[in-house]
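*Asks:* This is the structure, below, for whatever I ask next.
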């Protein structure tokens, strides 16, 4: 009788542990799904806000985004004078570019391993990872200086740099997702602000 009671207690404890583990797994799955969805929701929300602001506003920012995102080299530089030329306020332009990079970086630092399994997106992430490895081989000082090195890597519009590559490089050199994201955002903010000020100064000469 005593042995039976002990056995029952052990079985109940095992059942409780199994339930706890199942609940932890479910919580982790919910968190993983949230991390996957949140960056997309932020991007969609920004697009909707710009659209509601008016067709002209939406078109101007969409043009800047296209130049910034899809020019292989020089997009980070060309997008700023283009945006200013379209009449976008400097503060709004800086905020938009920093926000865009922040969302991309957030997606990558949260979902790097999972993203490679997603159709279409996976191939893009693999290409970014390849660029990140090339960046580390070419700019070895980035690994040596850690957070500061990552900020500098994102700041300068060189080959195999930028927010996406910076997000991968931060991961490859062992930085936490939060520090990687902060480094990318800070690097983008400094770069965008400097180039905006330079563009305004050059424009004022004519």
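*Asks:* Take every Cα-Cα pair in the stretch 62-206 and report what % of them are more than 27 Å apart.
*Replies:* Cα-Cα pairs in the stretch 62-206 separated by more than 27 Å: 20 percent.
*Asks:* Given points 7 Å out from each Cα along the Cα-Cβ axis, report the residue 59 to residue 176 separation in nanometres with one decimal.
*Replies:* With each label placed 7 Å out from Cα toward Cβ, I get 4.7 nm.
*Asks:* What order, most packed first, do the peptides 87-94, 169-176, 137-144 have when packing is the mean number of other Cβ atoms within 10 Å of each residue?
*Replies:* Order by mean packing, descending: 169-176, 87-94, 137-144.
*Asks:* Where Rh is the Kirkwood radius over the Cα pairs of the stretch 132-194, the temperature 37 °C and the viscosity 0.692 mPa s, what D in µm²/s does Stokes-Einstein return?
*Replies:* Stokes-Einstein gives a translational diffusion coefficient of 302 µm²/s.
Just so you know, all these numbers are worked out from the coordinates, no wet-lab data involved. As the structure is a computational prediction, the values presented were derived from the model and not from experiment. Neighbour counts are summed over all protein chains in view; Cβ atoms, including those assigned to glycine, are modelled from backbone coordinates with ideal geometry.
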